[in-house]
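Worksheet: the structure to be examined is printed underneath.
The values are calculated or read from the model by the stated rules, or taken from the named source; none is laboratory data. Everything numeric here is computed off the predicted structure, so don't read it as measured data. FYI the Cβ positions are ideal-geometry reconstructions off the backbone, even for glycines, and counts take in every protein chain you see.
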Amino acid sequence: MRLIGITGGIGTGKSTVTNYLQTQYHLPIWDADLYARSAVASGSPILQAIVHRYSSDILQPDGTLDRQRLGEIIFSDSAERQWLDARIHPYVRACFETEIGRLELDATAILAIPLLFEAQMTDLVTETWVVSCDPPTQLNRIMARDRLDETAANSRIASQMSLAAKIALADVNLDNSTTLADLKRQIDRHIKL
């Protein structure tokens, strides 16, 4: 069983890598972000705990989580981010464990886990790949994608483990600072090993 954990910083191109692995190699992609969204679905115990902590002001008019408001809280206060992570990470881990349990022994799957190292989920994978890029590229991508000003974008970057630390821990570093073609060549080389 080959279980590849894909991680990296915000805005480095993790989705680009997983999309390519899915379309080019037809590999299953299990995404921590999707599981985390499911964890806070309307009526879920985790959403109820969030509302209890922050009041119903944390909800949209339709009763769903106001992600932007929650993001403002957790990206400006590490204690609040840790409180939230302590509720969501066990749920996400259980989702991955369920999927792994269904996988055939000779299969390969991709676990997209932005907080792979921080959430201590490396035991779920057989190898770790980090997607990185140079800091100016990362900053510009986040500002454009999330419509954030430079201060807010830098706050999101600073809230995560540094890319240098992730690269030091990873088995593979995919440098996404240049072209898509170059990134695909790196992916092709490592997936075939």
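Tabulated data
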{"quantity": "Answer from THR64, THR7, THR23 - the residue that is without any contact (Cβ under 8 Å) to a residue 12 or more places away in the chain and of a type in the set (Val, Ile, Thr)", "calculated": "THR23"}
{"quantity": "Pairs where the first residue, in region 181-193, is at pLDDT 95 or above and the second is assigned to a loop (DSSP other than H, G, I, E, B), C-beta under 6 Å, 6+ apart", "calculated": "LEU183/ASN176"}
{"quantity": "Cβ pairs under 6 Å, 6+ apart, first in region 95-113 and touching a residue at least 40 places away in the same chain (Cβ under 8 Å), second surrounded by fewer than 16 Cβ atoms within 10 Å (Cβ to Cβ) and assigned to a loop (DSSP other than H, G, I, E, B)", "calculated": "LEU105/MET1; ALA109/PRO28; ALA109/LEU103"}
{"quantity": "Residues of region 41-53 that turn out to be of a type in the set (Val, Ile, Thr) and farther than 21 Å from GLN120 by Cβ, as a count", "calculated": "2"}
{"quantity": "Selection count, region 119-141, where residues are of a type outside the set (Val, Ile, Thr) and crowded, with 16+ Cβ neighbours inside 10 Å", "calculated": "9"}
{"quantity": "Test: residue in region 77-97 that is outside any helix (DSSP H, G or I), under 15 Å from the mean Cα position of the chain (by Cα) and modelled with pLDDT of 95 or more", "calculated": "no"}
{"quantity": "Sole exception among (1) buried (at least 18 other Cβ atoms within 10 Å of the Cβ); (2) at pLDDT 95 or above for LEU115, by number", "calculated": "(2)"}
{"quantity": "Residue satisfying all of: in region 1-45; among the β-branched types (Val, Ile, Thr) and assigned to a helix (DSSP H, G or I); surrounded by the fewest Cβ atoms within 10 Å (Cβ to Cβ) among these", "calculated": "THR23"}
{"quantity": "Flag for ILE157 being in contact with a Lys or Arg (Cβ under 9 Å, 6 or more places away or on another chain) and of a type in the set (A, V, I, L, M)", "calculated": "no"}
{"quantity": "Selection count where residues are under 13 Å from VAL131 (Cβ atoms), of a type in the set (A, V, I, L, M, F, W, C), in contact with a strand residue (DSSP E or B) (Cβ under 9 Å, 6 or more places away or on another chain) and not in a loop (DSSP other than H, G, I, E, B), scope region 162-184", "calculated": "5"}
{"quantity": "Residue among ILE74, ILE50 that alone is under 17 Å from the mean Cα position of the chain (by Cα) and not charged (D, E, K, R)", "calculated": "ILE74"}
{"quantity": "The lone exception for ALA144 - which of (1) within 21 Å of GLN186 (Cβ to Cβ); (2) surrounded by fewer than 16 Cβ atoms within 10 Å (Cβ to Cβ) it fails", "calculated": "(1)"}
{"quantity": "Candidate set: region 69-99, residues that are more than 14 Å from ASP31 (Cβ to Cβ) and of a type in the set (A, V, I, L, M); chosen: the one surrounded by the most Cβ atoms within 10 Å (Cβ to Cβ)", "calculated": "LEU84"}
{"quantity": "Counted residues, region 115-151 - those being part of a helix (DSSP H, G or I) and either without any contact (Cβ under 8 Å) to a residue 60 or more places away in the chain or closer than 15 Å to GLY13 by Cα (or both)", "calculated": "15"}
